[in-house]
Structure formats: structure tokens, C-alpha cells
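Scroll down for the structure; my scribbles are underneath it.
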Amino acid sequence: MSKTALQFHHNGRDVAIFVDGGTNLLVALREQIGDMTPKFGCGQGGCGACSVLIDGELHLSCLTLAEAVAGRSVETLDGIKDGPNLHPLQRAFAENFAAQCGYCTPGMLMAAKALLDRNPSPGRAEIVEAISGNICRCTGYEPIINAVLAVASGDRARA
Amino acid sequence: MPVTVRTFANSGEAAAALSSDRSARYLGGGTLVMRALNEGDTSISTVVRASDQALTRIDATGSRVTIGAGVTFARILAERDLAFLHAPARSIGGPAVRNMGTVGGNLFAPVPYGDFTVALLALDATVSIQGGLGSRDVPIEEFLQSRERQAGTLVLSISCQKPGNTEAFRYRKIARIKPKGGSVITLAAHLPVSSGRIVGARIALGSMAPTPLRARAAERALEGRSLDAATIGAAAAAAAEGTSPGDNALASAWYRREIVGVHLRRLLLGQE
């Protein structure tokens, strides 16, 4: 089985790799590019742990054929901080105790970022909808919703 | 296990590749086929893709709408002319699944998935398919009845008549988790009214059989009558007739049969 050459933008950087036929984007990111921020949860589209942004839209990397992102822009949690400074969402998650075991956190942050990029001041219901594809078994969701609300309500400017 | 990925610019070539290889599957949004590959489904050895622009086209300006098979649920939600399909589109997945999953793929989604198809069945949609021998239009009911044999055909688009008004088309997905959850049952009703009487009622149910199916006994109870309490009661009592739901982690077959009439009554009454 031959490998296919694949080029895309990963967190603003051009990357080029060879992938086996049928390789999903999550495997390509973790095992070939070494970006361990998207997590493998279910492999079925049920948990959201592998969420990334493709051309700014939230996608599940485990259900994305790696070849399908040729020439496109893939953003993962690894790319949202600004140098040594955490992204306002990351700070809000820390301050609001929105992460316990942390396994869902990368996906939650990307889902929240996809929402805030489109709508900087969402209401609670919009936040609940935005993270509805992401499962968290620790927090009961309330601290996560509160963290996103904190950023949405203007803490972002101060962060 | 690696598979062969074949990408075509033209849907005709993709259809030919699909029909000539029993182990080939068409990859749309990935939510079904990539999942199968992740689970190690060895029956798939070739994945066929098409970058044909026609597959992602929406024509919703007239009274009949045509939606390319590759149109995602997020795009349906962004289209004002498709407002009647927003409730079924919104009921699917979380935002990531709606950015990926397609109208064409939903036709193949097994229970408890395939909610959008329930809406399309109530709307008497037509499925445009391309096989090895050319393209043809198939009524959605016929397509679903032979779904097992459709893996080698490429769905090009789906078309349906817009409902006359917002009251004439109703949709509800019953889930245990809000706002996102798998379907316990899904209901859609198309109730065109002429001179105060229902003419051409279509009730479609999801998770009540291996594929979405029509509740024909309930339709007969509605046909030619006004939507009053007695008619609604008769339709609700007949809702489970002819269905063959299964047990899964979301609900048992017994529970589904018990509640389908309750939810059909609420849908017809316009209750929350």
C-alpha cells in the first residue's frame, strides 16, 4: 500500500508528511507531527476529545481523513496560546476550575474557541449548545460553562 | 489496516469506481465511514471521494428544493430558504458533527442515527442516485427499503417540495440528554390541509425499525379529517402499528412502542 504526500498548515506552520491510505487526522497530528494536544477518546464522533479547527470550523479529527485537509489550515490547542501567554480561554478554565482530569479540556477549549471566534459574546444557552458534542465525566459541565461565560462577558480584554 | 483512497473530480467517475468494487465505500463527511475504519471494519478496502462542486450545491429558491448529497447540516442551518429543515438539522450531533455530516450520508446512517432522513421521508423526498448504469431518481421510501443494496450507488442529491406553511411540517426528536443525545424515537409529520381537511398526510418514524419508516395506520387515521381531538387520538393509538423497533442502550423496543403514540399525540397537538 503506497503512502500519499500531504501538505497543510498546522497552527500557522506549513507541514509536509506521508500518510497511509485511510489515516485519520488525529493519528497524523499525534504520531507524525507530534502534536499531542488533540486526544483520542472514542474514535466514533461521540466524545469531542479530538476536536480541532479546520479553516476555522470545528471538526472531529478522528473522523477526518488526513488527506482531506490538503492545503487547508488546521488549528489545535497547541496553537492557541500566544508565546508564553495562555489564551484567555485557557486562563479562564484554570481560574474557574473547569478542568479536573483534563482529558476533555483540549476539545472543550477548541469548541469554545470556535464559538467565540464567531460570536464574541454568547449567552449561556449558546455556550451549552457549542460544547454539546464534548463529553466531560469530571466537572459536571458547570465550571466549563462559567469559564466560557467569563471570557464572553469581557474578562477577555483584561486577560 | 491501510485502505486505498481514490479521489475523483467528477461524480460520474466516483460512481463508476464505487459500483465496480464491492469493498469500496463512498466517503462523505466521514462520520460513518471513518468511524467504521477506526473500528477496524475489514469489509472496506477502498474509500472513494469526489470533489465535484455539484455535490455541495443548494437550490432552495423555488417551491421545490434540491440539496446536494455533500451539503452539511451546518450549511442547511445557514440557509434561510431551508428554515423548514432547521429543526431536524439542529437535532443532529454537536457543532462538529453538523460541520461534517452530510445530507447524503444521513440516508445510510443506522439506528439510532439518521434523524434528518426521517424528516425527508415525511416530506416525500426524491433521492437522485448514480450507479454503474447511469443516474435515476428514486422515491426515498423505495431507497430506504433497499438500503442494504445501495452501498455501491452514489447519492447525488435529494429534492423535496417545500411545505405550504410552518404548521404543515412538524418534527421532533426524543432524546434523554439535552441538548445533544441519541434518538429514543424521532417523529416527523407532513400534514397538508385543504379546506380544513388533511390531504396526503405523511408520518415518518425513526428508531422504530432498522430504517426510518412511515406510520401508515396513523396516516390513514388522519386522512381526509380535520385535526381535532378524536382524529389525533385515533392516529396516536395507531402509531406503533407495523413498526419493529429494537432494543439498544437508549431504550428498549417495549418502551419505544409505549411512547410513540404519546409523542405523536403531542406533535399533532402542537404541544411541547
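The values are calculated or read from the model by the stated rules, or taken from the named source; none is laboratory data. Model, not experiment: these values are computed from the prediction. Positions of Cβ are generated from backbone atoms using ideal geometry, with glycine treated the same way; all protein chains shown enter the neighbour counts.
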Filter the stretch A:31-52 down to residues that are within 17 Å of A:A68 (Cβ to Cβ) and more than 10 Å from chain B (Cβ to nearest Cβ) and give me whichever is surrounded by the most Cβ atoms within 10 Å (Cβ to Cβ). A:P38
What tally of residues in the stretch A:20-30 results from selecting those that are more than 8 Å from chain B (Cβ to nearest Cβ) and either among the hydrophobic types (A, V, I, L, M, F, W, C) or crowded, with 24+ Cβ neighbours inside 10 Å (or both)? 5
Where B:T31 falls short, out of the listed (1) within 13 Å of chain A (Cβ to nearest Cβ); (2) surrounded by fewer than 20 Cβ atoms within 10 Å (Cβ to Cβ); (3) at pLDDT 95 or above; (4) outside any helix (DSSP H, G or I): (2)
Only one residue in B:G68, B:G40 is in contact (Cβ under 8 Å) with a residue 12 or more places away in the chain and away from every other protein chain (no Cβ under 11 Å), so which one is that? B:G68
Only one of A:L116, A:L58, A:L63 is more than 12 Å from the chain's Cα centre (by Cα), outside the structural domain of A:A130 (by TED's automatic domain parsing) and within 23 Å of B:R75 (Cβ to Cβ), namely A:L63
Scanning the stretch A:35-87 residue by residue, the ones that are within 21 Å of A:Y141 (Cα to Cα) and basic (K, R) total 1
If you go through A:T76, A:T64, the only one that is β-branched (V, I, T) and in contact with an Asp or Glu (Cβ under 7 Å, 6 or more places away or on another chain) is A:T76
Out of curiosity, is A:S61 under 28 Å from B:T102 (Cα atoms) and more than 14 Å from every other protein chain (Cβ to nearest Cβ)? no
Looking only at the stretch B:74-88, and only at residues there that are within 13 Å of chain A (Cβ to nearest Cβ) and aliphatic (A, V, I, L, M), the one that is farthest from B:G114 (Cα to Cα): B:A78
Scanning the stretch A:64-79 residue by residue, the ones that are surrounded by 21 or more Cβ atoms within 10 Å (Cβ to Cβ), within 10 Å of chain B (Cβ to nearest Cβ) and farther than 21 Å from A:Y103 by Cα total 4
Among the residues in the stretch B:126-134, are any β-branched (V, I, T), touching a residue at least 60 places away in the same chain (Cβ under 8 Å) and buried (at least 24 other Cβ atoms within 10 Å of the Cβ)? no
Condition test on B:L205, is it out of contact with any helix residue (DSSP H, G or I) (no Cβ under 6 Å at 6 or more places or on another chain) and either aromatic (F, W, Y) or closer than 29 Å to B:I58 by Cβ (or both)? yes
Has the stretch A:85-104 got any residue that is in contact with a helix residue (DSSP H, G or I) (Cβ under 8 Å, 6 or more places away or on another chain), among the aromatic types (F, W, Y) and outside the structural domain of A:L116 (by TED's automatic domain parsing)? no
Where in the stretch B:189-272 are there helices (runs of 4 or more DSSP H), lying wholly inside it, with at least 1 residues that are among the β-branched types (V, I, T) and under 20 Å from B:L120 (Cα atoms)? B:253-269
Picking from B:A24, B:A54, B:A14, which residue would you name as being more than 14 Å from every other protein chain (Cβ to nearest Cβ) and either closer than 23 Å to A:D20 by Cβ or more than 21 Å from the chain's Cα centre (by Cα) (or both)? B:A14
